[in-house]
4 protein chains.
Amino acid sequence: MQESSFKYPDTDAFNYVITELLHRNIFPKDIAAIVYDLQHEYVPEFTVDDFEKEVLDVLHKRELLNSAMVAINLDNLAQQNLLSEPLLRIVKADAGVFGVDETLATGIAQLYGSIGVTNYGYVDKTKPGIIGELDTTPDTVNTFIDDLIGAIVAAVAGKVAHKTA
Amino acid sequence: MQESSFKYPDTDAFNYVITELLHRNIFPKDIAAIVYDLQHEYVPEFTVDDFEKEVLDVLHKRELLNSAMVAINLDNLAQQNLLSEPLLRIVKADAGVFGVDETLATGIAQLYGSIGVTNYGYVDKTKPGIIGELDTTPDTVNTFIDDLIGAIVAAVAGKVAHKTA
Amino acid sequence: MQESSFKYPDTDAFNYVITELLHRNIFPKDIAAIVYDLQHEYVPEFTVDDFEKEVLDVLHKRELLNSAMVAINLDNLAQQNLLSEPLLRIVKADAGVFGVDETLATGIAQLYGSIGVTNYGYVDKTKPGIIGELDTTPDTVNTFIDDLIGAIVAAVAGKVAHKTA
Amino acid sequence: MQESSFKYPDTDAFNYVITELLHRNIFPKDIAAIVYDLQHEYVPEFTVDDFEKEVLDVLHKRELLNSAMVAINLDNLAQQNLLSEPLLRIVKADAGVFGVDETLATGIAQLYGSIGVTNYGYVDKTKPGIIGELDTTPDTVNTFIDDLIGAIVAAVAGKVAHKTA
C-alpha cells in the first residue's frame, strides 16, 4: 500500500547502514577500491577517492538503503538464531540454491542499468577484496552482506559508466 | 557461496510456507480464485480446481519457496518488533517507497517470464480477493505476505499462459 | 564490449525517439495525462504540466533511449516485413506469449525501482489512454511501442514517488 | 495484447535460432563446453554431453526463443544497415552504454533464477570460449548474439544447479 503520509527516514536509514558496515570493518574506501580495480581501464581519470564519493552517493539512494537494511537485519537475525527453520539453516549454510541474497542485490544493481547487473554477476562469482573476506569469515553470518557489497560495487560501476561515456 | 554439499530441505520449506499461509487463513484455493478471475478469458478451459493444482505446483519451486520464507519471516519479525529501526517502522507502515516486498515478488514473477511480471504489477495495484483483505487487516503486519500472494498469482498466470498457447 | 572511446549520441537518440512518437501522434502530454490519472491521489500537488516535464526528463535517460530506439525500430521493421519468419508473424500478431516487448519495458521500469515495475504491470493490463488506442490501431504494428509508452509512464510514476515521499 | 487464438510456432522458432547459430559456427557443444568449465566444480557428475542436452532443452523454451529471435534479427539488420540512425552506429560499435543486449540476456537468465543472473554477469565480463571469439570477430555484427550465448550458458547453469542440489 502506498502511504502518502509516511515520511521516509532517509538520515536514520543511511546512519543504520553505514554503522552496521563499520561494525563489520567495511569502509566505503574498501568498496571504492573494488570498483577501481573493475572500472579503472574504462575510466582512467577516476581515483579511488572519486569512487569513494560515488559509493557514499549511492548509499543515499532509498531503494538501495531499503534492501541494505533488510540484508543486514537478516544476517543479524540469523546470527542470533531468530529466523525460523528451515530458513535459518539455509541462510547459515549460504546455500548456492538460496538466491534471495542475489535477488535483493540484483534489484539494487538494476537501478543502475545493465552495466550494474553484469558487474554484480561478475563480483558475485569472483568475490574481490572485502567481499571474499566476508564470504569466508568463520562463525559469522554474512550471507546477505557480501551480496550487498557486490551490489554497491555494481551500482557505482553502472553510475560512473553512464556519467563518463 | 555455492555449497555443493548442502542438501536443500524441499519438504520442510514447503511445509513451513503452506502452514504459515494457513495460519493467516490463506488457502491455495483463494489464490487460485484470483488467478481464475484474471486469466479465465484467456484459458476458459481451466477451472478454479485446475488453477489450485498449479498453485500447489509453483509452491514447490525452490526460488519461490526461498523468497516466501524470507517474506513470512520478515512480517513475523516485524510483528514481534524484532527488526531494527528504522526498518521496523518502515515495514510496519508498509511505506510506498519501501519496495523490498515488491523486489522479492518481482523476482518470483520473473521466473515465469514477462506475463508473470505484468500480472504481478497488476494485482499489486488492484489487490483482488485475499490480497486486498491482507493489505487492510489492522494490527497485523502483512507487508511482505500480500506481495507474496500477488507473486504466486502472477507465477501461475505466467505458467498457464505458456502451457496453453 | 565496453568501448570507452565511443561517444554516445545523446541528442540524436532523443530526437529520433521524440520524432517517431510524434509521427504516431503520441505527445509527451498524452503520456503525462496517464501518469496524472495513476498518481494524482498520491501526489495531488503535481499537475499534468509537471508530469510532462518529468516525461521529457526520463526521455533523456540513455538506458531508456536505447530500449526506445530498439522498440521503435522493431515495430517499423515488422511493418515493412523486414523481420525474419517466424518472428515477423509473432510480432505482427502481438502474441501474448511473445514477451520481448514486456522484457524491454520492464528493463526501463526497473531503473525506477519497484514502484516503476508495478506501475508498468498495471498499465500493461489496463491500457489507459493512448496506450489502449495504440494497441487496437488496425494495420499498424505497435507491438513494442505500446509497451514503451507504458514503461515511460511507469518510469515517471516511480521517479515522482521517490521525489515526494 | 494477449491473443488466445494465436498458435505459437515452437518448431519454426527453434529451427530459426539453431540454424542462425550454425551459420555463425556456433554449435550447442561449444555452449555446453563453457557451462562445463563454469559449473564442473559444483556438479562433477555432469559431462559436456550432459550439458549439451540441457542446452538443447533450454533452446526449446519460448521466452528464450523469443529473445533469441529478436537478438539475431537485430544483429543481421545492423549488418545490412537496415536499422535507423543513431541506433545503427550504436549497435555496430557495441557501445558499453548501450545495454539492450544485456537487458534481453538478463531477461532470459532471470527465468532460471538468481544463479542464472550471476552466471550471465560473469560470462559477460570474462567472455569465455566462443563468446570471446564472437566479441572480436571483425566486420561482423555480433552485439546481441554474444550476450545471447552468455544467457544460454547462464540458463543451463541455473537449471542444473537446482536439479542437482
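The values are calculated or read from the model by the stated rules, or taken from the named source; none is laboratory data. The structure presented is a predicted model; accordingly, all values stated were derived computationally and were not measured. Cβ: placed from backbone, ideal geometry, glycine included. Neighbour counts: every protein chain shown. Note: accessible area is taken over every heavy atom of the protein model, side chains too, but ligands, DNA and RNA are not part of it. Shrake-Rupley method; radii C 1.70, N 1.55, O 1.52, S 1.80 Å.
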The one condition D:Asp94 fails out of (1) open to solvent by less than 30 Å² (accessible area, probe 1.4 Å); (2) on the phi < 0 side of the Ramachandran plot is (2)
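Is there a residue in region D:62-81 that is among the aliphatic types (A, V, I, L, M) and over 14 Å from the mean Cα position of the chain (by Cα)?
Within region D:62-81, one or more residues are among the aliphatic types (A, V, I, L, M) and over 14 Å from the mean Cα position of the chain (by Cα).
Please verify whether region B:155-163 includes one or more residues that are among the charged types (D, E, K, R) and more than 13 Å from the chain's Cα centre (by Cα).
Within region B:155-163 (the criterion being among the charged types (D, E, K, R) and more than 13 Å from the chain's Cα centre (by Cα)), the answer is yes, since at least one residue qualifies.
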On the given criteria, is C:Ala33 buried (at least 17 other Cβ atoms within 10 Å of the Cβ) and closer than 27 Å to C:Ile115 by Cβ?
yes
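Looking at this structure, is C:Glu41 facing another protein chain (nearest Cβ under 9 Å), open to solvent by 30 Å² or more (accessible area, probe 1.4 Å) and at pLDDT 95 or above?
No; evaluated as a whole, the condition is false for this residue.
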Please go through region D:11-38 and pick out each residue that is within 12 Å of another protein chain (Cβ to nearest Cβ) and touching a helix residue (DSSP H, G or I) at 6+ places or on another chain (Cβ under 7 Å).
D:Ala13, D:Phe14, D:Tyr16, D:Val17, D:Glu20, D:Leu38
Residues of region B:30-49 being part of a loop (DSSP other than H, G, I, E, B) and out of contact with any Gly (no Cβ under 9 Å at 6 or more places or on another chain), which ones?
B:His40, B:Glu41, B:Val43, B:Pro44, B:Glu45, B:Phe46, B:Thr47
Can you tell me which residues in region A:124-145 are farther than 18 Å from D:Thr126 by Cβ, open to solvent by less than 10 Å² (accessible area, probe 1.4 Å) and assigned to a helix (DSSP H, G or I)?
A:Ile145
When region A:14-27 is checked residue by residue, the ones that are assigned to a helix (DSSP H, G or I), touching a residue at least 24 places away in the same chain (Cβ under 8 Å) and open to solvent by 20 Å² or more (accessible area, probe 1.4 Å) are A:Phe14, A:Tyr16, A:Ile18, A:Glu20
Out of C:Leu111, C:Leu148, which single residue is closer than 19 Å to C:Met69 by Cα, buried (at least 22 other Cβ atoms within 10 Å of the Cβ) and modelled with pLDDT under 95?
C:Leu111
Do we have D:Glu54 as at pLDDT below 95, crowded, with 21+ Cβ neighbours inside 10 Å and either polar (S, T, N, Q) or part of a helix (DSSP H, G or I) (or both) here?
no
Tally time: how many residues in region A:118-165 are hydrophobic (A, V, I, L, M, F, W, C) and within 12 Å of chain D (Cβ to nearest Cβ)?
8
Wholly within region C:59-116, which helices (runs of 4 or more DSSP H) include no fewer than the required count, namely at least 1 residues that are in contact with a Phe, Trp or Tyr (Cβ under 7 Å, 6 or more places away or on another chain), of a type in the set (D, E, K, R) and within 7 Å of another protein chain (Cβ to nearest Cβ)?
C:62-79
